[in-house]
1. Taking 0.36 nm per residue of separation and subtracting the Cα-Cα distance, what length does fully extending residue 19 through residue 47 add?
2. How would 143, 219 line up from fewest to most surrounding beta-carbon atoms within 10 angstrom?
3. Mind checking which of 255, 30, 93 has the largest fluctuation in a GNM of the chain, springs on alpha carbons under 10 Å?
4. Where does the chain land at 222 nm, in deg cm²/dmol rounded to the nearest 500, when only DSSP H runs of n ≥ 4 count, each adding -39500 (n - 2.57), divided by all residues?
5. Note the angle between two axes, namely the Cα long axis of helix 169-181 and the longest principal axis of the Cα atoms of the chain, as a number of degrees from 0 to 90, rounded to the nearest 10.
6. Which percentage, to the nearest 5, of the DSSP beta bridges contained in the chain is antiparallel?
7. Which whole-number percentage describes the relative contact order of the chain, with Cα contacts under 8 Å and a sequence gap of 6 or more?
8. How far apart, in nanometres, would the label points at residue 98 and residue 28 be if each is projected 7 angstrom from Cα along the Cα-to-Cβ direction?
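Each value in this text was obtained by applying a stated rule to the coordinates, not by laboratory testing. Everything numeric in this text was worked out from a predicted model, so none of it was measured. Note: ideal-geometry Cβ built from the backbone for every residue, glycine included; neighbour counts use all protein chains shown.
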Ligand code: HPA
């Protein structure tokens, strides 16, 4: 019997959502894509998609999505079964890691083998430029939280998962080579997650640079931890929408991030295509 969400364990809620989606026709997705701010248009590339609103999925709190979409898009694309989360749950929306990573957990339960996790990020590395794309080689979790805190879901993965190889190196090499063949240069570097929603201060950006970050953002790390916990492949792609705070002597706005994302839409999509194909 299905009872009130709060009474059931997290594992049960994840399973219930996955079973619901399976019943709707989301069958054995191989690739799971989480789209970052301003990058949701990628979902329109799936032909004849099955589109399910977060609102209709049990246990998904659609109201928490910062983006207007809040949709699961499923279909065949580039010869693979692909599930896309268009509209992400950010930690800053609810201060609740379980909610933030719920879609990623459902994707794990549905059997997704490869996660392609994308975001818009601030560029910390002063040798690079706004507009560049960066493959995430590693991350620094400055959120002060971890989505695995709490009772471990043993059926998903171990209590103390290794994080040494979170962002699959072989896939990064392949993706860089494939992109280079098409004249697309991919940076590669470390992503640091701040919670947001305020942008960082210039001092925080200097700190991030000192501890080895090349980019900063407000997402991705929680989902990457969940995917890695379950032993799934992770490819992280950051769109460096702006130079991080204080690098240039000007303020940052959320609008500039979304506008910049629109400008690189096609190259971003091509990189995600390649991340599916390799
Ligand atoms: N900081 C944090 N998150 C971001 C930024 C930034 O500068 N740009 C886009 N997302």
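1. Numbers: separation 28, 0.36 × 28 = 10.08 nm, distance 2.37 nm.
Gain on extension, residue 19 to residue 47, equals 7.7 nm.
2. Details: 143 20, 219 28.
Ranked by crowding around the Cβ, least crowded first: 143, 219.
3. Comparing 255, 30, 93 in a Gaussian network model of the chain, the most mobile one is 255.
4. Values: 9 runs with 86 residues, N = 278.
Calculated from helices alone, the mean residue ellipticity at 222 nm is -9000 deg cm²/dmol.
5. 60
6. Working: 17 of 47 bridges.
Roughly 35 percent of the DSSP beta bridges within the chain come out antiparallel.
7. Values: 554 pairs, mean separation 67.6, N = 278.
Across the chain, relative contact order equals 24 percent.
8. Label-label distance for residue 98 and residue 28, simple model: 3.2 nm.
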